[in-house]
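What follows is a single structure, written as structure tokens, with notes after it.
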Amino acid sequence: MSDNSELYPTDRLAAAAKAAAAAGLDALLITPGADLRYLTGYAALPLERLTCLVVPADGDAFLVVPGLEKPAAEASPAARLGIEITGWAETDDPYALIARRLPGRPARVGVDNHMWAEKLLDFRRVFPGVEQALAGGVLREMRMRKTPAEVEALRVAGAAIDRVHARVGDLLRAGRTEREVGRDIADAIIAEGHVRVDFVIVASGPNGASPHHDVSDRVIREGDPVVVDIGGTTEDGYCSDETRTYCVGEPPADFAASYEVLLRAQRAQCAAVRPGITAEQLDAVGRDIIADAGFGEYFVHRTGHGIGLETHEEPYIVEGSPRPLEPGMAFSVEPGIYLPGKHGARIEDIVVCRDNDGEPMNRRPHELAIVGA
């Protein structure tokens, strides 16, 4: 595991408190999920019992956990940060406990974007009349700019998923089902350095025209293009995500032609990554190439999404986003061409914006991979 002191620095809570104050929030209420791990390093279980990090805009942060979970919290990186960890018993009301502990009477609090609805309603019960806003507006501005330690964690994740794609050619062959191949890929994701499989897409033939196809019992045939989009989470909590397109035997002529267009678009987009280019400008680089070749209507999704402790997070590389890219931002570059009823193709790398250009986290070849029939 990477050095937790670098991945979860002690000044992050203070920065969050300052950002909350600047946003007009009296406190942040953060339940289990990526925001909690980002702020403390604690990968808490999402349970019906309340676990909540409280970050006052003015005052010391504290962590409220079920008594059953207190030993796990104390063994996590959160303890190194000097956070007070308070356990609550089965008959306690942890929401009331938090309301009593907050300094003063808050007028506006930020709740994490993925808080369970039942927990949000309980907070409304103990904070009557207190305005609730999403904490994501504060935390995403911190999370989307990766530190050097986070970039290294993404490099490790990218290399791990590269090693999985290096195995795919031996797994894909005519006569196997998508599900069989997907099962082997999932095993490889764990074997190559992840602790969790997040998704496995094996989309053969016409299934490739559905960007978010999963796996099915379709039997892969000779001549089938196959989109393989896979990702997992490493021990450090950082995610991988990489797509390559394969063909079992020689590809159909029309597919080979459209793939060359896609390859040119993806390469141009990766080469265009630099500080100052906006998300929508980067999206347009590849989209224009694909449209000029006559496939514009078949590129049906955004170019990319941010990645870190979650597979999908800010920034999103999409038309309509004027956000300029900045050093430390990490995101996918994944144009695709999808012909309904026939086939599809996608090429995806994770790229980190640097001071002058972009650094790819994935190093597998981008050319169409011909695998055994």
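The values are calculated or read from the model by the stated rules, or taken from the named source; none is laboratory data. Remember, it's a predicted structure, so these values are computed and weren't measured experimentally. FYI the Cβ positions are ideal-geometry reconstructions off the backbone, even for glycines, and counts take in every protein chain you see. Calculation scope for accessible area: heavy atoms of the full protein, side chains included, ligands and nucleic acids excluded. Shrake-Rupley method; radii C 1.70, N 1.55, O 1.52, S 1.80 Å.
Remarks
- Gap separating the Cα centres of segment 1-50 and segment 306-373, nearest whole Å: 27 Å
- Accessible surface for segment 181-264, divided over its residues, is 36 Å² per residue with a 1.4 Å probe.
- Comparing LEU25, LEU325, LEU121 in a Gaussian network model of the chain where C-alpha atoms under 10 Å apart are linked, the largest mean-square fluctuation is found at LEU121.
- Cross-link reach list, lysines versus LYS146, counting only Cα pairs under 23 Å and skipping chain neighbours closer than eight places: LYS18
- Charge dipole of the chain (Cα centre as origin; +1 on each Lys and Arg Cβ, -1 on each Asp and Glu Cβ, all else neutral): 340 debye, rounded to the nearest 20.
- Given charges at beta-carbon only (K, R positive; D, E negative), |dipole| of segment 84-146 in Debye: 420 debye
- Each 5 Å bin from 0 upward holds the following percent of the Cα-Cα pairs of segment 1-147: 2, 10, 21, 24, 23, 13, 5, 1, 0.
- Dipole of the chain, positive end: most advanced residue of ILE201, LEU50, ILE220 [Cβ charges, Cα centre]: LEU50
- Once the GluC sites (Glu not before Pro) in DSSP loops with at most 10 neighbouring Cβ atoms within 10 Å are cut out of the chain, the longest remaining piece is 91-373.
- Choice from LEU139, LEU68, LEU282 showing the highest fluctuation, given a GNM over the chain with Cα pairs closer than 10 Å: LEU68
- In plain terms, if you count all Cα to Cα distances in the chain and split them into 10 Å steps from zero, the share in each step is 5, 23, 27, 22, 15, 7, 1, 0 percent.
- Heavy-atom accessible area per residue - segment 1-96, 1.4 Å, Å²: 41 Å²
- Between PRO32, VAL371, LEU325, the Cα set farthest toward the positive side of the dipole of the chain (charges on each charged residue's Cβ, about the Cα centre) is that of PRO32.
- Taking the accessible area of the chain, probe 1.4 Å, and keeping the other protein chains in place, the carbon and sulfur fraction comes to 51%.
- Choice from ALA89, ALA203, ALA186 with maximal GNM fluctuation in the chain (Cα, 10 Å cutoff): ALA89
- Counting only DSSP beta bridges with both residues in the chain, the antiparallel share comes to about 70 percent.
- Its Cα gyration tensor gives segment 139-212 an equivalent ellipsoid; the semi-axes, largest first and in whole Å, are 29, 16, 10.
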